[in-house]
2 protein chains.
Amino acid sequence: MARIAVDAMGGDHAPDEVVRGAAQVSMETDHHLLLVGEPARIEAILASAPHNSRRIEIIPAAQSISMEEDPKAAVEGKPDASINVAVRIVKEGQADVLVSAGSTGAGILACAKRFSRAPGVSRAALASVYPTEIRRGEKDDPFSLILDVGATVNVTGRDLVSFAVMGSVYASIISRNARPKVALLSNGTEELKGLPEIKEAHQTLKNGHLINFTGNIEGVDIPRGTADVVVCGGFHGNLVVKMLEGIGEAAMRLAFYAYKKHILWKLGLLALRSGIKQLKQITDWEQYGGAPLIGFDHLMIKAHGRSRALAVKNAIKVAGKTVHGRLIEKIATGMAEFGELGS
Amino acid sequence: MARIAVDAMGGDHAPDEVVRGAAQVSMETDHHLLLVGEPARIEAILASAPHNSRRIEIIPAAQSISMEEDPKAAVEGKPDASINVAVRIVKEGQADVLVSAGSTGAGILACAKRFSRAPGVSRAALASVYPTEIRRGEKDDPFSLILDVGATVNVTGRDLVSFAVMGSVYASIISRNARPKVALLSNGTEELKGLPEIKEAHQTLKNGHLINFTGNIEGVDIPRGTADVVVCGGFHGNLVVKMLEGIGEAAMRLAFYAYKKHILWKLGLLALRSGIKQLKQITDWEQYGGAPLIGFDHLMIKAHGRSRALAVKNAIKVAGKTVHGRLIEKIATGMAEFGELGS
């Protein structure tokens, strides 16, 4: 049983879909769920959503932060915003972990303000998952993890080592992949290539034993899925995940263009439709549930802003797994191997 | 009429396909072509390739550099390598521009060793072209230009300004797009976002008038083709072009998987085949001919290592256009606007 704080007011479809997702979890697991938000609205949604009331507790929060607000001003100016309250109850020990589909910037800032860094970790990172060709782990998982994708801009070699350890521990718990392959993103596979911080991290990681460091990868390896965990600074991770998003969009528009253009192509796309649907299902982020803000003494699982109940449910389950898998403890063990960095 | 030095010994299919490409150009244009390499081999190929002998001259070069050699050691250790000789005859005024399908590293180093920087330019860049959704210019060109993709690793704000001017001038000559849209690649469209060098370049470029600077773009805009010229440091450009390459490969393998898997999907792909072929043709790099190493007082057009005669022919024609379009002169004019940088 994990105690999970859920930011009921964060996300494009909050509080309805968030509360519905939590209600489903209460029927399927033994987690204790602390829904943070406006009690009257949460209760009204629960009234029509099947749930196990012994596993749900409502924690009042009078304010909320929208996607459009400036994250810094909102986190500072709204102490009773649901994300701030959720972070606070985790910090005070009332919950083990938190889940939010709200503003990413506000979530990161709220955590950074109240949480301490995990032992040995130099900097926190936001991770993201993306679909690849290669499947991995016991569950035949089609996702690779990439971090950092936006909690940092410039990083040091020591930061990259922290990201490598954290990503490895997270992937081993979530994908049931005991020895995930961890690689540094660079502009060539040679160990002496890349930016100074990448070369420095490479030298440190290759002498470690706890994580399965496989060296440098380059851009071409990202869609392939050569690595299970891709380690990079936030500027590079942001570029990668946004390019992947753009390419998905472009392919869709291209298919639509072909569809309109030519009767034979139209038939072709129709015939492929079930295949495309099946593929989409395998690689759908809704199935994955969210990505962690990792590196503090407590974890936040950031669900996609567009999350509906299914995605929220999966994000909460992921959060539960990180508690059962003793994520924070294992990160400390992993970092201890590179002790001289963590001092 | 332009005088174009062609590295006849560089490329996976050299000298055969390179000489054949040049032979074709001699029949279609009035350029004077200086084929640099082993005279006996070049003559043997010309013997069976229709060409205009008044437009072809052979410049002997006793050595050549393969793709596998260490570029630095080879450029230093083989003064009579075809790439070194081609660079030398351009520097000495015997030719206006050079074309090579050989080792990219060796080409960059050979140029860097002998050429001077173009007036006002702080650093040279290697550009690359990639297909996008949006079409542009008089010729309905489906390509965007991105630079730098590998002549640099770390860059300064001033370097990025140089790249913006050079990319804009090149695109306006090659794509017949009078005012190409030039953007800086960043991690957000806001002008105050990004690495320090990007913010600095943004402030300089927005005060310029000669180039059509449209601000920052992010990863999602790359496959869309929002910008005609994407400006970034070499580490980022390398990541972008390699990811695009990897995604192309992954899509091909996925199609093959679908093809084997399901009879209906098989029919679908068959029906789409002509569409895919047509698309491939529109976006084929062989049609484009090559990408420039730009920023020195002379230009090199780097054709793809896998180039066959068609790609070589197009690369030579591109080189001719840069001479007719007075590329180097226009770069100097463009940089003069940011005069305080060029000092």
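The values are calculated or read from the model by the stated rules, or taken from the named source; none is laboratory data. Since we're looking at a predicted model, the values are computed, not measured. Neighbour counts run over all protein chains shown; Cβ positions are idealised from the backbone, glycine included. Remember, those area values only see protein heavy atoms, side chains included, never the ligands or the DNA or RNA. Shrake-Rupley method; radii C 1.70, N 1.55, O 1.52, S 1.80 Å.
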Just give me the residues in segment B:179-192 being surrounded by fewer than 24 Cβ atoms within 10 Å (Cβ to Cβ), away from chain A (no Cβ under 14 Å) and either β-branched (Val, Ile, Thr) or not in a loop (DSSP other than H, G, I, E, B) (or both), in sequence order. B:181
Please identify the pairs in which a residue from segment B:38-51 that is free of Cβ contacts under 8 Å to residues at least 60 places away in the same chain has its Cβ atom under 9 Å from the Cβ atom of a residue that is surrounded by fewer than 16 Cβ atoms within 10 Å (Cβ to Cβ), counting only partners at least 6 apart or on another chain. B:38/B:60; B:38/B:62; B:39/B:60; B:46/B:53; B:50/B:27; B:51/B:27
Considering only segment A:281-292, I want to know if a residue exists there that is within 14 Å of chain B (Cβ to nearest Cβ) and either in contact with a Ser or Thr (Cβ under 7 Å, 6 or more places away or on another chain) or at pLDDT below 90 (or both). yes
When residues of segment B:218-249 are filtered for being within 17 Å of residue B:197 (Cα to Cα) and either open to solvent by less than 10 Å² (accessible area, probe 1.4 Å) or in a loop (DSSP other than H, G, I, E, B) (or both), how many remain? 8
Restricting the search to segment A:48-62, which residues are touching a strand residue (DSSP E or B) at 6+ places or on another chain (Cβ under 6 Å), hydrophobic (A, V, I, L, M, F, W, C) and open to solvent by 30 Å² or more (accessible area, probe 1.4 Å)? A:58
Scanning segment B:171-195 residue by residue, those over 22 Å from residue B:239 (Cα atoms) and touching a Ser or Thr at 6+ places or on another chain (Cβ under 8 Å) turn out to be B:173, B:174, B:178, B:179, B:180
Among the residues of segment A:87-105, are any within 17 Å of residue A:163 (Cα to Cα) and in a helix (DSSP H, G or I)? no
Among the residues of segment B:145-165, are any away from chain A (no Cβ under 14 Å), more than 16 Å from residue B:211 (Cβ to Cβ) and at pLDDT 85 or above? yes
Being away from chain A (no Cβ under 12 Å) and under 15 Å from the mean Cα position of the chain (by Cα) is the filter here; which residues of segment B:129-140 pass it? B:129
Which ranges mark the strands (runs of 3 or more DSSP E) fully within segment A:1-83 that have 1 or more residues being basic (Lys, Arg)? A:3-7
Only one of these is assigned to a loop (DSSP other than H, G, I, E, B), touching a residue at least 24 places away in the same chain (Cβ under 8 Å), open to solvent by 70 Å² or more (accessible area, probe 1.4 Å) and among the basic types (Lys, Arg): A:176, A:158. Name it. A:176
Hey, among the residues in segment B:118-168 that are in contact with an Asp or Glu (Cβ under 6 Å, 6 or more places away or on another chain) and among the basic types (Lys, Arg), which one's nearest to residue B:244 (Cα to Cα)? B:136
Quick check on my filter: what residues within segment A:193-210 are surrounded by fewer than 24 Cβ atoms within 10 Å (Cβ to Cβ) and either outside any helix (DSSP H, G or I) or among the small types (Gly, Ala, Ser) (or both)? A:193, A:194, A:195, A:206, A:207, A:208, A:209, A:210
Is there any pair with a first residue in segment A:90-108 that is under 12 Å from residue A:35 (Cα atoms) and at pLDDT below 95 and a second that is of a type in the set (Ser, Thr, Tyr) and buried (at least 24 other Cβ atoms within 10 Å of the Cβ) whose Cβ atoms are under 7 Å apart and which are 6 or more apart or on different chains, and what are they? none
Inspect segment B:245-258 for any residue being modelled with pLDDT of 65 or more and touching a helix residue (DSSP H, G or I) at 6+ places or on another chain (Cβ under 6 Å) and give the result as yes or no. yes
